[in-house]
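Working notes, structure below.
Read-outs throughout are calculated quantities, based only on the coordinates presented, and are distinct from any laboratory measurement. Please read all numbers here as calculations on a predicted model, not as lab measurements. Quick reminder, even Gly has a Cβ in these numbers, built from the backbone with ideal geometry, and neighbours come from all protein chains shown.
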């Protein structure tokens, strides 16, 4: 009997190893598509981060002005908010730089003895419009309804009243996303020319009052001009009437600086009829300064002011309207040496809180 051959297992041959399709992976179209996809992912991440950062700085701009409760009449905080490089630009009036000049201009509308304005008050809450809120600078345009009256004794019409829209533009920065480090760079203020024309043309007893101010508070300027009571009034009458500016060789410029000269004789040269340099070497109230409003306000700023005016009861396109004089606000009877709070309130409780 023959032995059977031993059984053997058949092992299938191993399949050949898969070779990467280098041709497919290196296909130019695939590479380009992947790069484009990667680009859009990175772009989306960066855009999202930038958007979030922009929103954060917008919020910081708002926090800065809100936290500080910025108010141009809060003179005690000027040193915290401004420095000697801060500029106030007022078309038709002038430019002021630094803390002292800025405060002096703002105090112009505060009540004072024998002041020809007997009422100056905010008549409707201001409305602020964000213009640019970025890390580099925050900008707001604000519109405010103002009512102003000329005291009867100093007015050629026996008492004039006007309401107008005051437009301002605030430029400031903050240091961080919490709104800390609020700092004012520039502040622009626009009084409509029609409003300046209304308040820059007093009559009645004002010419005599102005000449007495020049004589009593600026005697050197009075003498240098060779004035007496008669010649002073004559030269005053020769000045242009109803100017829409408080600059140049006008009554408006001189009544404006006369209010300062009573407390600061550095303004005395500005009252002079003949050109006279002040302590800075500047000559004022002779030729108007070139400060067009277009350099400070845009058409968009004025469109916002016009919309606010319409909502405040003004005719479309008007920023000024006449109103009826209210005699109960006459402050020429106030004893300013011992001011009575109720009496001062007649002038306008929005600003008399800073009276001193």
Q | Extent along principal axes [Cα atoms of the stretch 196-306; Å; largest to smallest] | A | 50, 33, 23
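Between residue 156 and residue 307, what is 0.36 nm times their sequence separation minus the Cα-Cα distance? Round to one decimal in nm.
Working: separation 151, 0.36 × 151 = 54.36 nm, distance 3.28 nm.
Length gained between residue 156 and residue 307: 51.1 nm.
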Q. Which peptide among 268-274, 192-198, 319-325 comes first, and what is the full order, when sorted by highest mean count of other Cβ atoms within 10 Å?
A. 268-274, 192-198, 319-325
(Q) So if I take the centroid of the Cα atoms in the stretch 112-191 and the same for the stretch 223-246, what is the distance between those two points in Å? (A) 30 Å
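Between residue 127 and residue 194, how high is the FRET efficiency from 1/(1 + (r/R0)^6) when r is the Cβ-Cβ distance and R₀ = 30 Å? Nearest 0.05. Mind showing how you got there, number by number?
Numbers: r = 21 Å, r/R0 = 0.69.
Approximately 0.90, to the nearest 0.05.
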Q: Take the stretch 68-354, compute every pairwise Cα distance, and split them into 10 Å bins from 0; I just need the percent in each bin.
A: 6, 27, 35, 24, 7, 1, 0
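Suppose R0 equals 30 Å. What FRET efficiency, 1/(1 + (r/R0)^6) with r the Cβ-Cβ distance, do residue 231 and residue 95 give to the nearest 0.05?
Numbers: r = 33 Å, r/R0 = 1.09.
After rounding, the FRET efficiency stands at 0.40.
Once you have the Cα-Cα distance between residue 238 and residue 134, take 0.36 nm times their residue separation minus that, and quote the gain in nm to one decimal. Please report the intermediate quantities before stating the final value.
Values: separation 104, 0.36 × 104 = 37.44 nm, distance 5.09 nm.
Value of the extension gain: 32.3 nm.
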Q.
Quick check on packing: order 65-74, 136-145, 31-40 by the mean number of other C-beta atoms within 10 Å, highest mean leading.
A. 136-145, 65-74, 31-40
(Q) Just to be sure I understand the model, the point goes 7 Å from the Cα along the line to the Cβ. What's the resulting residue 223 to residue 36 distance in nm? (A) 8.9 nm
**Q.** Computed FRET value (nearest 0.05) for residue 326 with residue 263, which takes r as the C-beta separation and R₀ as 22 Å
**A.** 0.20
